[in-house]
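Asker: For reference, the structure I am asking about is given below.
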Amino acid sequence: MASETETAAHGTAHGAADAAHGGAEAVGMPQLDFSTFPNQIFWLAVALVVLYLILSRLALPRIASVLAERSGTITGDLEKAEELKRKAVEAEETYQKALADARAEAQRVIAEAKAELQREIDEATAKADAEIAARAAESEKAIAEIRASALENVRAVAEEVAREVVALLGGKADPKAIAEAVSAKIGGTRA
Amino acid sequence: MAEQEGGLVFHPMDQFIVKPLFGGDELHWYTPSNVTLWLALTVLGVFLLLVAGTRRRAIVPSRTQSVAELAYCLVYKMVEDVTGKEGLRYFPYIMTLFMFIVFANFLGLLPMAFTTTSHIAVTAVLALLVFVGITALGFALHGMSFLRLFWVDAAPLPIRPILAVIEVISYFVRPVSHSIRLAGNMMAGHAVIKVFAAFAALAAISPVSILAITAIYALETLVAFIQAYVFTILTCVYLKDALHPHH
(Lines give C-alpha, C1' and ligand atoms only; values in the text may rest on other atoms or scores of the structure.)
Protein backbone atom coordinates (compact mmCIF):
# COMPACT_ATOMS: atom_id res chain seq x y z
CA MET A 1 0.00 0.00 0.00
CA ALA A 2 2.83 2.32 0.87
CA SER A 3 4.58 1.59 -2.42
CA GLU A 4 1.38 2.35 -4.30
CA THR A 5 1.17 5.76 -2.67
CA GLU A 6 4.80 6.27 -3.41
CA THR A 7 4.48 5.49 -7.11
CA ALA A 8 1.37 7.61 -7.36
CA ALA A 9 3.15 10.51 -5.78
CA HIS A 10 6.38 9.95 -7.64
CA GLY A 11 5.65 12.31 -10.45
CA THR A 12 4.98 15.23 -8.15
CA ALA A 13 7.90 14.30 -5.99
CA HIS A 14 10.23 14.43 -8.95
CA GLY A 15 8.94 17.80 -9.98
CA ALA A 16 9.35 19.19 -6.50
CA ALA A 17 12.72 17.59 -6.02
CA ASP A 18 13.95 18.99 -9.33
CA ALA A 19 12.69 22.41 -8.41
CA ALA A 20 14.25 22.11 -4.99
CA HIS A 21 17.54 21.19 -6.61
CA GLY A 22 17.49 23.97 -9.10
CA GLY A 23 17.84 26.76 -6.53
CA ALA A 24 15.62 25.33 -3.78
CA GLU A 25 12.43 26.96 -4.89
CA ALA A 26 8.98 25.93 -3.79
CA VAL A 27 6.46 25.22 -6.49
CA GLY A 28 3.18 26.38 -5.08
CA MET A 29 2.59 25.34 -1.50
CA PRO A 30 5.00 22.70 -0.20
CA GLN A 31 2.21 21.83 2.22
CA LEU A 32 0.23 20.37 -0.66
CA ASP A 33 3.10 18.28 -2.03
CA PHE A 34 1.58 14.94 -1.19
CA SER A 35 4.79 13.07 -2.01
CA THR A 36 6.23 14.29 1.28
CA PHE A 37 3.25 13.13 3.35
CA PRO A 38 4.41 9.55 4.06
CA ASN A 39 7.73 10.88 5.30
CA GLN A 40 6.15 13.52 7.52
CA ILE A 41 3.49 11.21 8.87
CA PHE A 42 5.97 8.45 9.63
CA TRP A 43 8.35 10.70 11.54
CA LEU A 44 5.47 12.47 13.26
CA ALA A 45 4.18 9.12 14.49
CA VAL A 46 7.64 8.25 15.80
CA ALA A 47 7.97 11.63 17.50
CA LEU A 48 4.51 11.42 19.08
CA VAL A 49 5.07 7.90 20.39
CA VAL A 50 8.46 8.84 21.85
CA LEU A 51 7.03 12.02 23.35
CA TYR A 52 4.06 10.18 24.82
CA LEU A 53 6.34 7.57 26.40
CA ILE A 54 8.63 10.25 27.83
CA LEU A 55 5.69 12.16 29.29
CA SER A 56 3.66 9.26 30.63
CA ARG A 57 6.61 7.25 32.00
CA LEU A 58 8.97 9.97 33.19
CA ALA A 59 7.87 13.55 33.19
CA LEU A 60 4.26 13.51 34.37
CA PRO A 61 4.66 11.06 37.29
CA ARG A 62 7.70 12.99 38.43
CA ILE A 63 6.00 16.39 38.30
CA ALA A 64 2.89 14.96 39.95
CA SER A 65 5.00 13.50 42.76
CA VAL A 66 6.89 16.78 43.19
CA LEU A 67 3.62 18.71 43.40
CA ALA A 68 2.14 16.19 45.83
CA GLU A 69 5.31 16.20 47.90
CA ARG A 70 5.26 19.98 48.00
CA SER A 71 1.68 20.18 49.19
CA GLY A 72 2.52 17.41 51.69
CA THR A 73 5.54 19.36 52.89
CA ILE A 74 3.50 22.51 53.26
CA THR A 75 0.84 20.67 55.27
CA GLY A 76 3.57 18.98 57.33
CA ASP A 77 5.30 22.29 57.96
CA LEU A 78 2.06 23.86 59.09
CA GLU A 79 1.49 20.95 61.45
CA LYS A 80 5.03 21.23 62.72
CA ALA A 81 4.56 24.95 63.27
CA GLU A 82 1.37 24.23 65.20
CA GLU A 83 3.25 21.63 67.27
CA LEU A 84 6.09 24.06 67.97
CA LYS A 85 3.61 26.72 68.96
CA ARG A 86 1.96 24.29 71.37
CA LYS A 87 5.37 23.42 72.79
CA ALA A 88 6.20 27.10 73.21
CA VAL A 89 2.97 27.63 75.13
CA GLU A 90 3.81 24.61 77.26
CA ALA A 91 7.32 25.92 77.90
CA GLU A 92 5.87 29.28 78.84
CA GLU A 93 3.51 27.58 81.29
CA THR A 94 6.36 25.55 82.77
CA TYR A 95 8.41 28.69 83.09
CA GLN A 96 5.60 30.55 84.80
CA LYS A 97 5.08 27.62 87.13
CA ALA A 98 8.79 27.44 87.92
CA LEU A 99 8.77 31.16 88.56
CA ALA A 100 5.80 30.86 90.89
CA ASP A 101 7.46 27.93 92.67
CA ALA A 102 10.68 29.87 93.06
CA ARG A 103 8.73 32.81 94.45
CA ALA A 104 6.91 30.59 96.90
CA GLU A 105 10.18 28.96 97.91
CA ALA A 106 11.75 32.34 98.41
CA GLN A 107 8.79 33.45 100.50
CA ARG A 108 9.07 30.29 102.54
CA VAL A 109 12.80 30.76 103.08
CA ILE A 110 12.26 34.37 104.06
CA ALA A 111 9.47 33.43 106.45
CA GLU A 112 11.63 30.68 107.93
CA ALA A 113 14.53 33.03 108.36
CA LYS A 114 12.24 35.57 109.93
CA ALA A 115 10.80 32.96 112.26
CA GLU A 116 14.27 31.78 113.18
CA LEU A 117 15.35 35.32 113.81
CA GLN A 118 12.23 36.00 115.83
CA ARG A 119 12.85 32.84 117.82
CA GLU A 120 16.42 33.86 118.47
CA ILE A 121 15.35 37.33 119.46
CA ASP A 122 12.65 35.92 121.72
CA GLU A 123 15.15 33.55 123.27
CA ALA A 124 17.66 36.31 123.81
CA THR A 125 14.95 38.57 125.20
CA ALA A 126 13.75 35.84 127.53
CA LYS A 127 17.30 35.19 128.62
CA ALA A 128 17.91 38.85 129.14
CA ASP A 129 14.61 39.16 131.02
CA ALA A 130 15.52 36.24 133.22
CA GLU A 131 18.92 37.70 133.91
CA ILE A 132 17.39 41.08 134.62
CA ALA A 133 14.88 39.45 136.94
CA ALA A 134 17.62 37.52 138.70
CA ARG A 135 19.75 40.60 139.06
CA ALA A 136 16.76 42.60 140.30
CA ALA A 137 15.94 39.92 142.82
CA GLU A 138 19.53 39.87 143.93
CA SER A 139 19.57 43.63 144.27
CA GLU A 140 16.28 43.54 146.14
CA LYS A 141 17.73 41.00 148.50
CA ALA A 142 20.83 43.10 148.97
CA ILE A 143 18.72 46.18 149.58
CA ALA A 144 16.54 44.26 152.03
CA GLU A 145 19.60 43.06 153.78
CA ILE A 146 21.03 46.53 153.86
CA ARG A 147 17.74 47.85 155.06
CA ALA A 148 17.48 45.15 157.75
CA SER A 149 20.98 45.72 158.85
CA ALA A 150 20.37 49.46 158.87
CA LEU A 151 17.26 48.94 160.92
CA GLU A 152 19.24 46.77 163.29
CA ASN A 153 21.83 49.47 163.56
CA VAL A 154 19.15 52.09 164.13
CA ARG A 155 17.64 49.95 166.91
CA ALA A 156 21.03 49.38 168.47
CA VAL A 157 21.86 53.07 168.22
CA ALA A 158 18.48 54.03 169.62
CA GLU A 159 18.76 51.58 172.47
CA GLU A 160 22.26 52.90 173.16
CA VAL A 161 21.07 56.47 173.05
CA ALA A 162 18.06 55.66 175.17
CA ARG A 163 20.21 53.92 177.75
CA GLU A 164 22.64 56.82 177.84
CA VAL A 165 19.76 59.27 178.16
CA VAL A 166 18.22 57.21 180.95
CA ALA A 167 21.60 56.95 182.64
CA LEU A 168 22.15 60.66 182.35
CA LEU A 169 18.78 61.30 183.82
CA GLY A 170 19.90 59.11 186.69
CA GLY A 171 17.63 56.31 186.10
CA LYS A 172 18.35 52.70 186.20
CA ALA A 173 17.93 51.50 182.76
CA ASP A 174 16.12 48.29 182.37
CA PRO A 175 17.53 46.98 179.06
CA LYS A 176 14.37 45.02 178.36
CA ALA A 177 12.05 47.96 178.88
CA ILE A 178 14.27 50.19 176.77
CA ALA A 179 14.30 47.67 173.92
CA GLU A 180 10.50 47.45 174.06
CA ALA A 181 10.14 51.21 174.10
CA VAL A 182 12.50 51.60 171.17
CA SER A 183 10.61 48.92 169.28
CA ALA A 184 7.33 50.66 169.98
CA LYS A 185 8.72 54.00 168.72
CA ILE A 186 10.32 52.68 165.62
CA GLY A 187 7.29 50.55 164.91
CA GLY A 188 9.37 47.85 163.44
CA THR A 189 7.93 44.46 163.39
CA ARG A 190 11.19 42.94 164.17
CA ALA A 191 12.00 43.31 167.71
CA MET B 1 7.07 33.08 -8.76
CA ALA B 2 10.55 33.76 -7.49
CA GLU B 3 12.14 35.99 -10.07
CA GLN B 4 15.11 38.10 -9.17
CA GLU B 5 14.31 41.67 -10.11
CA GLY B 6 16.24 44.60 -8.76
CA GLY B 7 17.52 42.72 -5.73
CA LEU B 8 14.04 41.68 -4.65
CA VAL B 9 13.97 37.96 -3.96
CA PHE B 10 10.71 36.42 -2.88
CA HIS B 11 10.88 32.88 -1.65
CA PRO B 12 8.33 32.96 1.14
CA MET B 13 7.36 29.32 0.76
CA ASP B 14 10.83 27.80 0.44
CA GLN B 15 11.11 27.49 4.20
CA PHE B 16 8.37 24.87 4.08
CA ILE B 17 10.07 22.53 1.60
CA VAL B 18 10.58 19.04 2.94
CA LYS B 19 13.98 17.73 1.87
CA PRO B 20 16.27 14.87 2.82
CA LEU B 21 18.55 15.80 5.65
CA PHE B 22 21.72 14.23 4.25
CA GLY B 23 21.39 15.25 0.61
CA GLY B 24 20.01 13.22 -2.30
CA ASP B 25 16.74 13.58 -4.19
CA GLU B 26 14.92 10.52 -3.01
CA LEU B 27 12.45 11.13 -0.21
CA HIS B 28 11.12 7.79 0.96
CA TRP B 29 8.82 7.50 3.93
CA TYR B 30 11.78 6.47 6.07
CA THR B 31 14.31 9.04 4.77
CA PRO B 32 15.58 11.28 7.59
CA SER B 33 14.48 14.73 6.48
CA ASN B 34 14.41 18.22 7.92
CA VAL B 35 11.02 17.17 9.31
CA THR B 36 12.81 14.43 11.23
CA LEU B 37 15.38 16.89 12.55
CA TRP B 38 12.84 19.42 13.83
CA LEU B 39 10.54 16.78 15.24
CA ALA B 40 13.53 15.36 17.11
CA LEU B 41 14.42 18.84 18.38
CA THR B 42 10.83 19.27 19.53
CA VAL B 43 10.95 16.01 21.48
CA LEU B 44 14.36 16.99 22.84
CA GLY B 45 13.05 20.39 23.93
CA VAL B 46 10.12 18.84 25.78
CA PHE B 47 12.49 16.32 27.33
CA LEU B 48 14.87 19.05 28.51
CA LEU B 49 12.06 21.09 30.04
CA LEU B 50 9.92 18.39 31.62
CA VAL B 51 12.48 15.70 32.48
CA ALA B 52 15.91 17.31 32.73
CA GLY B 53 14.40 20.48 34.21
CA THR B 54 12.73 18.56 37.02
CA ARG B 55 15.53 16.07 37.73
CA ARG B 56 16.27 17.55 41.15
CA ARG B 57 12.62 17.20 42.24
CA ALA B 58 13.13 20.29 44.34
CA ILE B 59 10.49 21.33 46.85
CA VAL B 60 11.54 24.89 46.11
CA PRO B 61 11.73 24.69 42.31
CA SER B 62 14.39 26.12 40.04
CA ARG B 63 13.30 28.37 37.20
CA THR B 64 13.15 25.53 34.68
CA GLN B 65 11.23 23.35 37.08
CA SER B 66 8.79 26.19 37.71
CA VAL B 67 8.09 26.45 34.00
CA ALA B 68 7.61 22.68 33.77
CA GLU B 69 5.21 22.75 36.71
CA LEU B 70 3.43 25.74 35.21
CA ALA B 71 2.89 23.85 31.93
CA TYR B 72 1.72 20.78 33.84
CA CYS B 73 -0.75 22.76 35.94
CA LEU B 74 -1.99 24.76 32.96
CA VAL B 75 -2.99 21.66 31.01
CA TYR B 76 -4.13 19.76 34.11
CA LYS B 77 -6.46 22.60 35.14
CA MET B 78 -7.70 22.93 31.57
CA VAL B 79 -8.59 19.24 31.32
CA GLU B 80 -10.19 19.28 34.76
CA ASP B 81 -12.19 22.46 34.15
CA VAL B 82 -13.44 21.55 30.69
CA THR B 83 -14.04 17.81 30.92
CA GLY B 84 -14.39 17.25 34.65
CA LYS B 85 -12.69 14.68 36.84
CA GLU B 86 -13.30 11.78 34.44
CA GLY B 87 -11.30 13.56 31.74
CA LEU B 88 -8.12 13.43 33.85
CA ARG B 89 -7.58 9.83 32.70
CA TYR B 90 -6.73 11.26 29.28
CA PHE B 91 -4.51 14.01 30.66
CA PRO B 92 -1.21 12.41 29.44
CA TYR B 93 -2.48 12.36 25.83
CA ILE B 94 -3.61 15.95 25.96
CA MET B 95 -0.38 17.02 27.67
CA THR B 96 1.56 15.27 24.89
CA LEU B 97 -0.43 17.18 22.27
CA PHE B 98 0.05 20.52 24.00
CA MET B 99 3.76 20.14 24.65
CA PHE B 100 4.38 18.90 21.12
CA ILE B 101 2.52 21.78 19.46
CA VAL B 102 3.87 24.49 21.71
CA PHE B 103 7.48 23.36 21.25
CA ALA B 104 7.09 22.83 17.51
CA ASN B 105 5.57 26.31 17.18
CA PHE B 106 8.28 28.04 19.20
CA LEU B 107 11.16 26.13 17.61
CA GLY B 108 9.71 27.07 14.22
CA LEU B 109 10.15 30.73 15.14
CA LEU B 110 13.94 30.36 15.26
CA PRO B 111 15.59 31.82 12.18
CA MET B 112 16.32 29.14 9.53
CA ALA B 113 14.05 26.72 11.34
CA PHE B 114 11.56 24.37 9.77
CA THR B 115 8.10 24.63 11.28
CA THR B 116 6.62 21.15 11.45
CA THR B 117 3.22 22.44 12.59
CA SER B 118 2.93 24.60 9.48
CA HIS B 119 2.36 21.44 7.47
CA ILE B 120 -1.14 20.24 6.96
CA ALA B 121 0.13 16.66 6.96
CA VAL B 122 1.27 17.06 10.56
CA THR B 123 -1.71 18.98 11.89
CA ALA B 124 -4.14 16.74 10.00
CA VAL B 125 -2.65 13.69 11.66
CA LEU B 126 -2.95 15.38 15.06
CA ALA B 127 -6.54 16.44 14.39
CA LEU B 128 -7.50 13.01 13.02
CA LEU B 129 -5.95 11.30 16.04
CA VAL B 130 -8.13 13.47 18.23
CA PHE B 131 -11.21 12.98 16.04
CA VAL B 132 -10.92 9.22 15.65
CA GLY B 133 -9.82 8.69 19.23
CA ILE B 134 -12.65 10.72 20.68
CA THR B 135 -15.31 9.21 18.41
CA ALA B 136 -14.12 5.71 19.31
CA LEU B 137 -14.07 6.66 22.97
CA GLY B 138 -17.61 8.01 22.76
CA PHE B 139 -18.93 4.77 21.26
CA ALA B 140 -16.90 2.67 23.68
CA LEU B 141 -18.26 4.51 26.70
CA HIS B 142 -21.87 5.04 25.64
CA GLY B 143 -22.54 2.59 22.79
CA MET B 144 -25.20 3.73 20.36
CA SER B 145 -26.50 6.34 22.79
CA PHE B 146 -23.43 8.37 21.85
CA LEU B 147 -25.43 9.29 18.73
CA ARG B 148 -27.81 11.29 20.93
CA LEU B 149 -25.05 13.92 20.81
CA PHE B 150 -26.66 14.86 17.48
CA TRP B 151 -30.23 14.81 18.76
CA VAL B 152 -30.85 18.10 20.54
CA ASP B 153 -33.48 17.34 23.16
CA ALA B 154 -33.80 20.98 24.12
CA ALA B 155 -35.09 21.98 20.68
CA PRO B 156 -38.74 21.63 19.56
CA LEU B 157 -39.41 18.25 17.98
CA PRO B 158 -40.00 19.42 14.37
CA ILE B 159 -36.64 21.08 14.01
CA ARG B 160 -34.65 18.34 15.71
CA PRO B 161 -33.95 16.41 12.46
CA ILE B 162 -32.67 19.57 10.81
CA LEU B 163 -30.50 20.30 13.83
CA ALA B 164 -29.27 16.71 13.75
CA VAL B 165 -28.07 17.16 10.16
CA ILE B 166 -26.32 20.40 11.12
CA GLU B 167 -24.78 18.77 14.17
CA VAL B 168 -23.47 15.85 12.13
CA ILE B 169 -21.95 18.17 9.55
CA SER B 170 -20.35 20.31 12.22
CA TYR B 171 -19.04 17.18 13.91
CA PHE B 172 -17.27 16.07 10.74
CA VAL B 173 -15.97 19.54 10.00
CA ARG B 174 -14.22 19.60 13.37
CA PRO B 175 -10.99 17.84 12.33
CA VAL B 176 -10.77 20.02 9.21
CA SER B 177 -11.03 23.29 11.10
CA HIS B 178 -8.96 21.89 13.93
CA SER B 179 -6.00 21.09 11.66
CA ILE B 180 -6.23 23.95 9.16
CA ARG B 181 -6.47 26.55 11.95
CA LEU B 182 -3.08 25.53 13.32
CA ALA B 183 -1.27 24.95 10.02
CA GLY B 184 -2.73 28.07 8.46
CA ASN B 185 -1.72 30.30 11.33
CA MET B 186 1.80 28.96 11.38
CA MET B 187 2.27 29.09 7.63
CA ALA B 188 0.80 32.56 7.16
CA GLY B 189 2.89 34.19 9.86
CA HIS B 190 6.13 32.67 8.66
CA ALA B 191 5.40 33.50 5.04
CA VAL B 192 4.62 37.11 5.92
CA ILE B 193 7.91 37.42 7.81
CA LYS B 194 9.74 36.12 4.72
CA VAL B 195 7.97 38.59 2.45
CA PHE B 196 8.97 41.49 4.69
CA ALA B 197 12.49 40.07 4.87
CA ALA B 198 12.69 40.21 1.08
CA PHE B 199 11.73 43.89 1.15
CA ALA B 200 14.61 44.55 3.53
CA ALA B 201 16.93 44.27 0.51
CA LEU B 202 15.67 47.65 -0.70
CA ALA B 203 17.61 50.29 1.22
CA ALA B 204 14.78 52.80 1.07
CA ILE B 205 12.23 50.67 2.85
CA SER B 206 14.45 48.38 4.83
CA PRO B 207 13.89 50.21 8.18
CA VAL B 208 10.13 49.84 7.72
CA SER B 209 10.63 46.24 6.72
CA ILE B 210 12.77 45.44 9.76
CA LEU B 211 10.27 47.13 12.06
CA ALA B 212 7.50 45.15 10.42
CA ILE B 213 9.44 41.90 10.86
CA THR B 214 9.94 42.72 14.55
CA ALA B 215 6.25 43.46 15.00
CA ILE B 216 5.12 40.35 13.14
CA TYR B 217 7.64 38.27 15.04
CA ALA B 218 6.17 39.49 18.34
CA LEU B 219 2.70 38.69 17.06
CA GLU B 220 3.86 35.25 15.90
CA THR B 221 5.32 34.55 19.34
CA LEU B 222 1.88 35.19 20.76
CA VAL B 223 0.21 33.16 18.03
CA ALA B 224 2.58 30.24 18.61
CA PHE B 225 1.34 29.91 22.16
CA ILE B 226 -2.29 30.78 21.49
CA GLN B 227 -2.64 28.24 18.69
CA ALA B 228 -1.18 25.48 20.86
CA TYR B 229 -3.58 26.51 23.62
CA VAL B 230 -6.56 26.65 21.25
CA PHE B 231 -5.76 23.25 19.76
CA THR B 232 -5.53 21.75 23.25
CA ILE B 233 -8.66 23.37 24.64
CA LEU B 234 -10.68 22.33 21.58
CA THR B 235 -9.45 18.79 22.13
CA CYS B 236 -10.74 19.06 25.69
CA VAL B 237 -14.11 20.37 24.47
CA TYR B 238 -14.42 17.47 22.02
CA LEU B 239 -13.39 15.06 24.76
CA LYS B 240 -16.14 16.44 26.95
CA ASP B 241 -18.66 15.59 24.21
CA ALA B 242 -17.40 12.00 24.20
CA LEU B 243 -17.61 11.75 28.00
CA HIS B 244 -20.98 13.49 28.37
CA PRO B 245 -22.84 13.22 25.04
CA HIS B 246 -26.17 14.31 26.47
CA HIS B 247 -26.75 18.00 26.19
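Asker: Which one of A:LEU53, B:ALA228, A:ALA88 has its Cα pushed farthest toward the positive end of the charge dipole of the protein assembly as shown, where Lys and Arg give +1 and Asp and Glu give -1 at the Cβ?
Answerer: The Cα lying farthest towards the positive end belongs to A:ALA88.
Asker: If you don't mind, another one. Magnitude of the Cβ-charge dipole of region B:96-229, K/R +1 and D/E -1, about the Cα centre, nearest 20 debye?
Answerer: On the way: 5 positive and 3 negative charges, 20 e Å.
Here region B:96-229 has a charge dipole of around 100 debye.
Asker: How would B:MET95, B:MET112, A:MET29 line up by accessible area, probe 1.4 Å, largest first?
Answerer: Working: B:MET95 0, B:MET112 175, A:MET29 75 Å².
Ranking B:MET95, B:MET112, A:MET29 by accessible area, largest first, yields B:MET112, A:MET29, B:MET95.
Asker: Which log10 I(q)/I(0) values, to two decimals, does the protein assembly as shown give at q = 0.09, 0.12, 0.14 Å⁻¹ under the Debye formula with one point per Cα?
Answerer: -0.79, -1.12, -1.31
Asker: Then there's this: Given the options B:SER170, B:SER179, B:SER118, which has the most mean-square fluctuation in a GNM of chain B, springs set between C-alpha atoms less than 10 angstrom apart?
Answerer: In the Gaussian network model the winner is B:SER170.
Asker: Here's something else I'd like to know. So with the 1.4 Å probe, I'd like the accessible area per residue for region A:147-186, rounded to whole Å². Mind dumping the intermediate values first?
Answerer: Numbers: 2980 Å² over 40 residues.
Averaged over the residues of region A:147-186, the accessible area is 75 Å².
Asker: Most mobile of B:PHE103, B:PHE139, B:PHE231 per a Gaussian network model of chain B (Cα springs, under 10 Å)?
Answerer: Highest fluctuation of the listed residues: B:PHE139.
Asker: Follow-up question, since we're still on this one. Can you sort B:PHE10, B:PHE100, B:PHE22 by 1.4 Å-probe accessible area, starting with the largest? Mind showing how you got there, number by number?
Answerer: On the way: B:PHE10 60, B:PHE100 0, B:PHE22 165 Å².
Sorted by accessible area, descending: B:PHE22, B:PHE10, B:PHE100.
Asker: Still on this structure, I have one more. Toward the positive end of the charge dipole of chain B, about the Cα centre and with charges on Cβ (Lys, Arg +1; Asp, Glu -1), which of B:ASN34, B:MET95, B:ALA212 goes farthest?
Answerer: Towards the positive end, the residue furthest out is B:MET95.
Asker: If you don't mind, there's one more thing I want to ask. For chain B, what is the convex hull volume of its Cα atoms per residue in Å³? Can you show the working numbers first?
Answerer: On the way: hull volume 47.1 nm³, N = 247.
Value for chain B: 191 Å³ per residue.
Asker: Let me ask you something else. In degrees between 0 and 90, to the nearest 10, how far off the longest principal axis of chain B does helix B:91-108 point, with axes built from Cα atoms?
Answerer: The angle comes out at about 20 degrees.
Asker: Expressed as cubic angstrom per residue, what is the convex hull volume of the alpha carbon set of region A:147-186? Kindly include the intermediate steps, with their values, before the conclusion.
Answerer: On the way: hull volume 2.1 nm³, N = 40.
Hull volume over Cα atoms, normalised by residue count, gives 51 Å³.
Asker: Running a GNM on chain B with Cα contacts under 10 Å, which residue among B:VAL102, B:VAL208, B:VAL18 ends up with the highest mean-square fluctuation?
Answerer: It is B:VAL208.
Asker: Still on this structure, I have one more. Contour minus end-to-end for B:VAL230 and B:VAL208, with contour as 0.36 nm per residue of separation and end-to-end as the Cα-Cα distance?
Answerer: On the way: separation 22, 0.36 × 22 = 7.92 nm, distance 3.16 nm.
Stretched out fully, the B:VAL230 to B:VAL208 stretch lengthens by 4.8 nm.
Asker: Please determine, in degrees from 0 to 90 and to the nearest 10, the orientation of helix B:63-83 with respect to the longest principal axis defined by the Cα atoms of chain B, where the helix direction is its Cα long axis.
Answerer: 40
Asker: Report, in debye and to the nearest 20, how large the dipole of chain B comes out about its Cα centre when Lys and Arg carry +1 and Asp and Glu carry -1 on their Cβ. The partial results should precede the final answer.
Answerer: Details: 14 positive and 13 negative charges, 164 e Å.
The dipole of chain B has a size of about 780 debye.
Asker: Nearest 10 degrees, 0 to 90: what angle lies between the long axis of helix B:160-199 and the longest principal axis of chain B (Cα atoms)?
Answerer: Tilt relative to chain B: about 10 degrees.
Asker: If you stretched the chain out fully between A:ALA98 and A:ASP122, how much longer would it get, using 0.36 nm times the residue separation minus the C-alpha to C-alpha distance? Provide the component values of the computation, followed by the final result.
Answerer: Numbers: separation 24, 0.36 × 24 = 8.64 nm, distance 3.51 nm.
My answer for the length gained is 5.1 nm.
Asker: Using a 1.4 Å probe and counting only protein heavy atoms, how much accessible surface gets buried when B and A come together, both sides summed, in Å² to the nearest 100?
Answerer: Details: alone 14170 and 15990 Å², together 25880 Å².
That pair hides around 4300 Å² of surface in total.
Asker: How much accessible surface does B:HIS190 have with a 1.4 Å probe, in Å² rounded to 10?
Answerer: Estimated to the nearest 10 Å², B:HIS190 gives 10 Å².
Asker: With loop defined by DSSP as not H, G, I, E or B, and exposure as at most 16 other Cβ atoms within 10 Å, which is the longest segment of chain B clear of exposed GluC sites (Glu not before Pro)?
Answerer: After excluding every exposed loop site, the longest remaining stretch is B:27-247.
Asker: Here is a follow-up. Give the relative contact order (percent, whole number) for chain B; include only Cα pairs under 8 Å separated by 6+ residues. Spell out each step's value before the answer.
Answerer: On the way: 258 pairs, mean separation 67.1, N = 247.
That works out to 27 percent.
Asker: Also: Could you work out how far apart the two model spin labels at B:LEU88 and A:ALA68 are, taking each label as a point 7 Å from the Cα in the direction of the beta carbon, and quote it in nm?
Answerer: Between B:LEU88 and A:ALA68, the label points sit 1.1 nm apart.
Asker: Charges at C-beta only: +1 for Lys and Arg, -1 for Asp and Glu. How large is the resulting dipole of the protein assembly as shown about its Cα centre, in Debye rounded to 20?
Answerer: Working: 36 positive and 44 negative charges, 101 e Å.
With only Lys, Arg, Asp and Glu charged at Cβ, the dipole is about 480 debye.
Asker: With just the Cα atoms defining each centre, how far is region A:80-102 from region B:184-223? Give it in Å.
Answerer: 71
Asker: Sticking with this one: Need the list of lysines near A:LYS172 for cross-linking: C-alpha distance under 29 angstrom, and skip anything on the same chain fewer than eight residues off.
Answerer: A:LYS185
Asker: To make sure I understand the rule: partners must be lysines, Cα under 25 Å from the Cα of B:LYS240, and not fewer than 8 residues away in the same chain. Which ones qualify?
Answerer: B:LYS77, B:LYS85
The values are calculated or read from the model by the stated rules, or taken from the named source; none is laboratory data. On a predicted model such as this, the values are computed, not experimentally measured, just so you know. All Cβ positions, glycine included, derive from the backbone under ideal geometry; neighbour counts span all protein chains shown. Calculation scope for accessible area: heavy atoms of the full protein, side chains included, ligands and nucleic acids excluded. Shrake-Rupley method; radii C 1.70, N 1.55, O 1.52, S 1.80 Å.
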